[in-house]
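Participant: Dumping the structure here so I can ask a few things about it.
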Amino acid sequence: MRIAGPWLSQPGTQALCAALEAQGFQALFVGGCVRNALMGIPVADVDLCTDAPPQKVSDIAKKAGFKVIPTGLEHGTLTVIAGQIAHEVTTFRRDVQTDGRHALVAFTTDIAEDAARRDLTINALYARADGSVIDPLGGLPDLLARRVRFVGDAGLRIREDYLRILRFFRFQAHFADPQGGMDAEALAACAENLDGLAGLSRERIGQEFRKLLSAPDPSPSVSAMAQIGVLNSVLPGADARALAPLVHLEGALAPDWRRRLAVLGGAEADDLLRFSRSEARALAALRGSIGAVDSPAALGFVLKADLGTSAVLARAALLEMPLPPDWQAEVTRGAAARFPVRAADLPELDGAALGQRLKEVQAHWLRTGLRAEKAELLAL
């Protein structure tokens, strides 16, 4: 079997492979680029692995005229810029010691050892520069069946890095056949190793949640996480029941992990999952809007179009109510609206009194669906 695609035939990419091979080393594509190419999914990142030691990779790449960045030299990883494309090149590795978060690795020349340390069989696929696929562990049948399984013993893979519990559900949401169910061994191993999640950084968990909730339909995965205790372990108090209705209501809209997280709820999700300030503000605004009675137009004005859309959808999913008529047009109208009253319209007031009056008048305007005109508002 062979893969193909514009990313594979890029001159810089092929030149990098040729430079390594000319010195007697292997140059193999690995992981997501191979997996996605086989599934017909766009390839975003180009990762290579080789039996060349890291310093040798650096020397060969520099001699070929490429820029080399030592992004993870202690783990055998370099970023090589060839043809204006960033290639992450990693020397074949095997694990020497793991603690559930980090691994001490040794370099190897054996592709089977490199494959054995990977998390999932669908990520343990390799391809040569000509696109021919190498499958050291028999992961190709899993990929073709859209089946997500751990490499080897699921429990051992998880105990090497407990983040793999969340990665399993994330890859299930993105790549698995929704009609195929979930691997029983993987689910059992995830349930048995829940305690290990407590040792992970909140940043790593937050990144996985972003990716998981950005899947076209993450609700089956999140529901399974809730059933075996994973969801409550990382987000206490979260409830997955409104997620499937939300995905249904979204229809053809692009996934937005923020609104999906908002309907999951949970205690202080923005703090527990270490989001940025802007992300935390967006989540707080969405949560605050769910229980309010603001119209879609008012939500569009206050939150703007993007968050206003999410607020309407999240409210409908959580309250189990239909979407209002013409709600998208109303959100758009609200986002484009301008509050008709200005400070200059209230010359008799200043300071705190002026601010309070404007706030009261705007609240009335919002309650009317942004339809009250200036004269009516000034007459209040």
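Participant: Any idea what the relative contact order of the chain is, in percent, if you count C-alpha pairs under 8 Å spaced at least 6 apart?
Facilitator: Relative contact order for the chain comes out at 9 percent.
Participant: If the cut-off is 21 Å between C-alpha atoms, which lysines fall inside it for Lys56, apart from same-chain ones fewer than 8 positions away?
Facilitator: Lys67
Participant: Once you wrap a convex hull around the alpha carbon atoms of the range 1-145, what is its projected area averaged over all directions, in nm²?
Facilitator: 8.3
Participant: Label Ala22 and Lys304 with points 7 Å out from Cα along Cα→Cβ: what is the distance between them in nm?
Facilitator: Those two pseudo-labels are separated by 5.0 nm.
Participant: Can I ask one more? For Leu349 paired with Ser201, estimate the spin-label separation in nm (one decimal), with each label point 7 Å from Cα along the Cα-to-Cβ line.
Facilitator: With each label placed 7 Å out from Cα toward Cβ, I get 4.9 nm.
Participant: Between Arg277 and Ala337, what length comes free when the chain is fully extended (0.36 nm per residue of separation minus the Cα-Cα distance, one decimal in nm)?
Facilitator: Taking Arg277 through Ala337 to full extension adds about 19.0 nm, to one decimal.
Participant: Once every DSSP H run of n ≥ 4 in the chain is given -39500 (n - 2.57) and the sum is divided by its residues, what mean residue ellipticity at 222 nm do you get, rounded to the nearest 500 deg cm²/dmol?
Facilitator: Helix contribution divided over all residues of the chain: -14500 deg cm²/dmol.
Participant: Tell me, Thr50, Thr108 in order of fewest to most beta-carbon neighbours within 10 Å?
Facilitator: Thr108, Thr50
Participant: Counting only Cα atoms, I'd like the Rg/Rh figure for the range 183-254, Kirkwood definition for Rh.
Facilitator: Answer for the range 183-254: 0.98.
Participant: Determine which residues of the range 331-348 fall in the zone a paramagnetic label at Arg367 would reach in this model, i.e. backbone nitrogen under 18 Å from the point 7 Å along Cα→Cβ.
Facilitator: Within reach of a label on Arg367, which here means backbone N under 18 Å from a point 7 Å along Cα→Cβ, the range 331-348 contributes 340-341.
Participant: Now for a separate question. Please report the orientation-averaged projected area of the range 1-40, defined via the convex hull of its C-alpha atoms, in nm².
Facilitator: Taking the Cα atoms of the range 1-40, their convex hull projects to 3.1 nm² on average.
Participant: Shape call for the range 90-162 from the C-alpha gyration tensor, a ≥ b ≥ c root eigenvalues: rounded (a/c under 1.5), prolate (a/b greater than b/c) or oblate?
Facilitator: oblate
Participant: In addition: Any aspartates and glutamates with Cα under 18 Å of the Lys359 Cα? List them, leaving off those in the same chain fewer than 8 positions away.
Facilitator: Those aspartates and glutamates meeting the cut-off are Asp294, Asp345, Glu348, Asp350, Glu373, Glu376.
Participant: Same structure again: Using the alpha carbons of the range 203-312, what is the convex hull volume per residue in cubic angstrom, as a whole number?
Facilitator: 94
Participant: How high is the FRET efficiency between Leu156 and Ser233 when r is their beta carbon distance and R₀ equals 25 Å, given to the nearest 0.05?
Facilitator: That gives a FRET efficiency of 0.80.
Participant: Still on this structure, please answer the following. Please report Rg (one decimal) and Dmax (integer) in Å for the Cα set of the range 122-178.
Facilitator: In order Rg, Dmax, the Cα atoms of the range 122-178 give 12.4, 36 Å.
Every number here is computed from the coordinates shown, using simple stated rules; none is lab data. The model shown is predicted, which means the values in this text are computed figures rather than measured ones. All Cβ positions, glycine included, derive from the backbone under ideal geometry; neighbour counts span all protein chains shown.
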